[in-house]
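The values are calculated or read from the model by the stated rules, or taken from the named source; none is laboratory data. Fair warning: this is a prediction, and the values are worked out from it, not measured in the lab. Here Cβ is always computed from backbone atoms with ideal geometry, including for glycine, and neighbour counts include all displayed protein chains.
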Amino acid sequence: MELRPILSTLLRHRTAAALIVMEIALSCAILCNALFLVSERVESMLLPSGIAEDALLSIQMGGGVARLDADARSREDLALLGRLPGVASVTVTNQLPFSRTIGSNNAFSLSPDQAGPTIDAAMYNAGERFLDTLGLHLVGGRDFLPEEYQDGSTLFGLQDLGSVRSAVIVSAEAAARLFPQDDPIGRTIYMSQIPLTIVGVVDALARPSLVNADSRRSVIFPIRLNPDNGGVYVLRAADPGAHAALLASATSALERADPGRPVLEAQSYRQLRADFFAEDRDMAGLMLLVCGLLLLVTALGIVGLASFWVQQRTKQIGIRRALGATRHQILLYFQTENFLLTSMGIVLGMLLAFALNQLLMAHYALPRLPPGYLPVGALLLWGIGQLAVYWPARRAASIPPAVATRSI
């Protein structure tokens, strides 16, 4: 295919050609960044929590009528829930992964006088059977011993925490950052001035929120909570398919045991996680809708321009047909012309995509656009361009020479 006649025609219609190039360039810039944003959202939604998501239920109680021994009441609740049919295990904690709150986090160091922390990690306060209930897997060390558990109400009431020592279990991600070359079991880390001895490592436990890029750095403390100081009951269902019935049974049992305490929230972990990522799903869906509409508008623009040029060049097409040009050659002419326009728009669009990404990085703290999204956007636009021009080009190729060369 000779390019000189195509380039000559484009130069004669430079205004229309420039408009379609700019439309494709803007589409390319927006499309690449939108696809990147969608991939970021999807990647977040697919983050593993490290827990047995399908089997877990959570119940948050209100304070109700004040009782002196909130810890005893919590132990009674746990025993009651553990006896319910369909409950495999039950524990109490302060938070769960992806639980719609910033959560409890703290800084941890390797020495008490360290200038800056080694890691920032989530703090999980765990009652007995925490690992079993959540389905966490030890990859090193051991679980907490019975004598290592402390009541949160007693611990939080201390004025001086300098004498407090605690065993902790850390996630594998936290252990790798704290001791990249050494076995963490038995090593001491510090939370402010409080020494903490690592007794176990679990393979994964995500943070309750995504405010930090290190989403899998967590530290577990053997601290029993109660509903009055932020404790949330977590049940592991023996049958993951019986969530609704088990939740109803558990909340009913708790309300009968103490009618003065309301159940603030009772839901499956699957619902809790779905609620946490609801905005990400909506944003990803909106971005995909924008991409679809953008491609549609671009395709319609190409169709309109190609149809206009077919109408304007009817006589020229007829002459070419009369001189022996085949339908395939006419079709190839318009497709090559569109490919050149689309390619020019894509080159300009790649520059605009990086400029738009720099703007988003500066104002919305988004990461840099990976170069791999540019060929994806280019292939989509090339494909849309060829599909959009196909029907006008086919209509041009089907014009008989005798009709095309008539005087207009």
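Summary table below
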| read-out | value |
| --- | --- |
| Some residue of segment 94-109 being buried (at least 21 other Cβ atoms within 10 Å of the Cβ), closer than 29 Å to ASP182 by Cα and more than 25 Å from the chain's Cα centre (by Cα) | yes |
| Every residue from segment 269-289 that is surrounded by fewer than 17 Cβ atoms within 10 Å (Cβ to Cβ) and within 25 Å of ALA244 (Cα to Cα) | ARG270, GLN271, ALA274, ASP275, ALA278, GLU279, ARG281 |
| Any hit, segment 237-254, residues being surrounded by 19 or more Cβ atoms within 10 Å (Cβ to Cβ), farther than 30 Å from PRO48 by Cβ and not β-branched (Val, Ile, Thr) | yes |
| Filter pass, TYR233 being in contact (Cβ under 8 Å) with a residue 60 or more places away in the chain, surrounded by 15 or more Cβ atoms within 10 Å (Cβ to Cβ) and out of contact with any helix residue (DSSP H, G or I) (no Cβ under 8 Å at 6 or more places or on another chain) | no |
| Test: residue in segment 194-208 that is at pLDDT below 95, under 30 Å from ARG261 (Cα atoms) and in the same structural domain as ASN94 (by TED's automatic domain parsing) | yes |
| Complete set of residues in segment 49-62 that are at pLDDT below 90 and exposed (fewer than 15 other Cβ atoms within 10 Å of the Cβ) | GLY62 |
| Segment 275-300 residues that are farther than 25 Å from ASN338 by Cβ, paired with ones that are outside any helix (DSSP H, G or I) and of a type in the set (Gly, Ala, Ser) (beta carbon under 7 Å, 6 or more apart) | PHE276/SER99 |
| Answer residue from segment 375-398, given it is surrounded by 18 or more Cβ atoms within 10 Å (Cβ to Cβ) and under 12 Å from ALA29 (Cα atoms) and is nearest to the chain's Cα centre (by Cα) among those | GLY377 |
| ILE399 modelled with pLDDT under 80, in the same structural domain as GLN311 (by TED's automatic domain parsing), touching a helix residue (DSSP H, G or I) at 6+ places or on another chain (Cβ under 8 Å) and assigned to a helix (DSSP H, G or I) | no |
| Search result, residues across segment 79-135 that are among the β-branched types (Val, Ile, Thr), in contact with a Phe, Trp or Tyr (Cβ under 7 Å, 6 or more places away or on another chain) and closer than 20 Å to LEU254 by Cβ | VAL90, THR91, VAL92, THR93 |
